[in-house]
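The values are calculated or read from the model by the stated rules, or taken from the named source; none is laboratory data. These figures come from a predicted structure and were not determined experimentally. Cβ placement follows ideal geometry from the backbone for every residue including glycine, while neighbour counts extend to all protein chains displayed. Side chains included, ligands, DNA and RNA excluded: accessible areas come from the protein's heavy atoms. Shrake-Rupley method; radii C 1.70, N 1.55, O 1.52, S 1.80 Å.
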Amino acid sequence: MHRIVKLVTALAAVTLTLVIAGSAALLGLYAYYAPTLPEAEAVREVRLQTPLQIRAADGSLMGEFADERRIPLEIDEIPEPVIQAFLAAEDERFFQHPGIDVFGLARAAVNLVSTGEKTQGGSTITMQLARNIFLTRDRTYERKLREIFLAVRLEQELDKEEILELYLNKIYLGQRAYGVEAASRVYFGRSLDELEIDEIAILAALPKAPSTTNPVTSPERARIRRDYVLGRMLDTGAISTEEYERAIERPVASERHTAQTEVDAHWVAEDARRIVVNLWGDEAYRRGLQVHTTIDPGHQEAANQALREGLLEYDERHGYRGPETRLSEEQMASADSRERALRAIGVHGRLLYPVVVMETGEDGHVRVDGGRIGELELEPESLEWADTPVFERGDVIRIRPHDTAPWRLAQKPEVTGSLIAQAPQDGAILALAGGFDFFENHYNRAVQARRQPGSAFKPLVYALALREGYRPGSTLVDAPMVFDDPALGAEWRPQNYSRQFQGDTPMRSALAHSRNLASIRLLDNIGVESTHDQLTRFGLDPERQPRNLSMVLGTGEVTPLQLNNAYGVFASGGRLNSPWIISRIETVDGELLYQAPAERSCETPCENPPGQDLTLSTGEAVLQHRDPAPVMEPGVAWQMGQMLRHVIEAGTGRRAQALGRSDLAGKTGTTNSYRDAWFAGFNDDLVATSWIGFDDNRELGRRESGGRAALPIWTRFMSNVLADAEESPLERPDDLVRVGILPDGGRASDPNDGRATTEWLLPQQMPERGRDTGGGDGDRNGSAQQPESVF
């Protein structure tokens, strides 16, 4: 007995010694680390990173960008099932332990001994809060000690409800979502109080591995973790057996939800984002900046619709390419699996819905499952354009709403395009569509795509000729011509699109019918060098244009925005504006950081608006309001408007007559082998340009000219935005004089002479009485790079 007492006494002494030594060591470690640990009070300062928001002219949301998404709630605003789910999954003894769960740490220690691996086991909610806010996620002993010490400090200075509230608001749950409410919106598109038990369990399963077990990227792993949490909730009494059984049978159905935008203008929102990030770096995502743009929501929606419809019409003309993909037998097994597969494929351009073929009937009907849009039956008429395609069960095809049938067979167009519209009086961009679907390809073709403009470039040369003394009625010669080109070692024999010649033709008619030969002679007469140097009047970079006669045929490069802005010179009375999209930038508190000095931007007079020392650049283009520069006589701009109106009245733009308006002017453009199709046009209130082509510059196909491929996009857009607008023709300026032109080309003494044709001319355009001195046939030869045949 005595020996037992001595042994117990010795063990007690050893234990006491170890406890004292351990405590001393812990106290020493705490004293060592304490000065480096943050104060608990700092954790109360939840940093709410208000996202960057891009808005249309009327304040509608166009885009939202943030490094992190947070929607903080107070503890009494968080539903009790959410709290119980996280406690069951992460820290059942949260309300009993002092910040450190000895039993959890013991389990982690046993795992270390048995497996030799360090894990994150044993971390309480308080420890997770400490780690997520202040510490790194490195799995080291030192980090674990600091985590324990900080958790103890937090528990001493904050009560349990405060710790739990901070944890549920700050924990990272994947997909850039921090906190339970933000995660609820991201994964389910609903608030916490609208979630079902199984959805709550999915959120509570995320803290362990938010990147690899979230329901968007890994639905099967998410299901396994969800079921574990549901089991823990059942074990802790948070849910009943009936609730558990119902919840565990539900499929994992989730997709990433973003902020609901009110205007589909993602290309503009992206350009605006790039501008402010260039100004303020990543801090722009956290300052709550409100960026107001010039985009008109009605115009933007019209641009999106017009471009998408135009691209789909082109696509249908060139045949059906077959099903997009095919679902496996496993994917076809149930409605839920089909819906998940179709959701993963996704809607294209907010218009083309994926559906899977279930069966085809002998009468030509096709029964399809559209997942969330339900089962549908496609009528034979909706398939006719595809030349009676043959489908099999499991084929994934696209359908779209259509005027002639509830649903019409469709396909993702390979061709692409852009449409841009500006206010000619100040250059503000009112609408911009940079392609069919921003989320498929962020490439902004309206701003970034450098393409050959074809004959849409001719009006710029014709305008410079008017400045040199030509007049709209001057005679040009449309006849064959040959140029020697030593660089090519061959002759250049330019052709008209029609391969026909008109001989003597008035300048306005040569432009209306896009006569290549007459235009080449015109440029030869006024001079290539002089014309090339003056392209800056239209805001163009001369280095992007050839310094030879092919320039007039549009063999250089422009972006749709550049061409549209150049046409704005005609619509604005001879002034060159800078294209711009941002009218003002404010902080979340209303502090004004930038305001464009334009009437449309200012609620008060634009006297010394802030931010004028800033440069608003995307990195590729400066999109900033500048004071307009007079670059052309108002009379020349008006004459060009009349000549381009004649293009619609009698030339290559006749399809625009369907709008039933007399105030529209514009020009088609088509490049060699039909690689690009254009239409640029305007009235006094609006200038817009449509372009269609392939990103890889392949051919559009025979007869896909500007008048056929691009003009319908432009007319559909203008029909929509001008539907309720009165006609707005260009106002004739005061620098023009009414003159009567006689049949022999001379000026009549009396403008009212019955033999004379009336023209409004500038002083330098006045012909001598009785004979025409304006222009000539310009048959001089000159060396030129052989251009591609253009229309």
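Values for this structure:
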{"quantity": "Region 601-703: C-alpha gyration tensor shape, a/c 1.5 cut-off, then a/b vs b/c", "calculated": "oblate"}
{"quantity": "Percent RCO, i.e. relative contact order, over the chain, from Cα pairs under 8 Å lying at least 6 residues apart", "calculated": "12 percent"}
{"quantity": "Using a Förster distance of 30 Å, the FRET efficiency for Ser240-Ser328 (Cβ separation, nearest 0.05)", "calculated": "0.20"}
{"quantity": "Spherically averaged projected area of region 369-500 from its Cα convex hull (nm²)", "calculated": "16.7 nm²"}
{"quantity": "Extended-chain gain in nm, criterion 0.36 nm per residue less alpha-carbon gap, Ser662 and Glu249", "calculated": "142.1 nm"}
{"quantity": "Region 339-448, dipole about Cα centre (Lys/Arg Cβ +1, Asp/Glu Cβ -1), debye to the nearest 20", "calculated": "640 debye"}
{"quantity": "Interatomic Cα distance distribution for region 172-259, bins of 10 angstrom, percent", "calculated": "19, 54, 25, 2"}
{"quantity": "Lysine pairs in the chain with Cα atoms under 15 Å, if 8 or more residues apart or on separate chains", "calculated": "4"}
{"quantity": "Accessible area of the chain belonging to carbon and sulfur atoms, whole % at 1.4 Å probe", "calculated": "47 percent"}
{"quantity": "Whole-Hz couplings from phi, Karplus 6.51/-1.76/1.60, listed for region 57-63; x for Gly and Pro", "calculated": "4, 8, x, 5, 6, 9, x"}
{"quantity": "Solvent exposure of the chain as accessible area per residue, Å², 1.4 Å probe", "calculated": "44 Å²"}
{"quantity": "Two-decimal ratio, region 723-772, of alpha-carbon radius of gyration to 2.2 N^0.38 Å", "calculated": "1.47"}
{"quantity": "Net charge dipole size for the chain [Lys, Arg +1 and Asp, Glu -1 on Cβ; Debye, nearest 20]", "calculated": "1940 debye"}
{"quantity": "Cleavage-rule hits, trypsin sites (Lys or Arg not before Pro), region 274-323, DSSP coil, Cβ neighbours within 10 Å at most 16", "calculated": "Arg321"}
{"quantity": "Ordering of 730-740, 703-713 by burial proxy (mean other Cβ atoms within 10 Å per residue, highest first)", "calculated": "703-713, 730-740"}
{"quantity": "Mean Cβ neighbour count within 10 Å, used as a protection proxy, ranking 524-536, 358-370, 558-570, 190-202 highest first", "calculated": "558-570, 190-202, 524-536, 358-370"}
{"quantity": "For region 143-217, convex hull of alpha carbons as volume per residue, Å³", "calculated": "98 Å³"}
{"quantity": "Viscosity 1.002 mPa s, 20 °C: Kirkwood-radius Stokes-Einstein D of region 150-296 over Cα pairs, µm²/s", "calculated": "120 µm²/s"}
{"quantity": "Mean residue ellipticity (222 nm) of the chain, computed from DSSP H runs ≥ 4 via -39,500 (n - 2.57), nearest 500", "calculated": "-10500 deg cm²/dmol"}
{"quantity": "Estimated distance in nm for a label pair at Ile75 and Ser337, the labels positioned 7 Å out from Cα along Cα-to-Cβ", "calculated": "4.6 nm"}
{"quantity": "Relative intensity, log₁₀ I(q)/I(0), of region 284-397 from a Debye sum that treats every alpha carbon as a point, q = 0.11 Å⁻¹", "calculated": "-0.50"}
{"quantity": "Extreme residue, positive dipole direction of region 313-371, given options Ala344, Tyr320, Met358 (C-beta unit charges)", "calculated": "Ala344"}
{"quantity": "Tensor-based shape of region 658-751 (alpha-carbon gyration tensor, a/c under 1.5 rounded, otherwise prolate or oblate)", "calculated": "oblate"}
{"quantity": "All-pairs alpha carbon distance profile, region 219-265, 5 Å steps from 0, percent", "calculated": "5, 18, 22, 16, 11, 8, 8, 6, 4, 2"}
{"quantity": "Globularity index of region 584-655, i.e. its alpha-carbon radius of gyration over 2.2 N^0.38 Å", "calculated": "1.71"}
{"quantity": "Approximate shape of region 334-423 as ellipsoid semi-axes (Cα gyration tensor, √5λ), whole Å, largest first", "calculated": "25, 18, 11"}
{"quantity": "Calculated Rg and Dmax of the chain using C-alpha coordinates, Å", "calculated": "35.5, 145"}
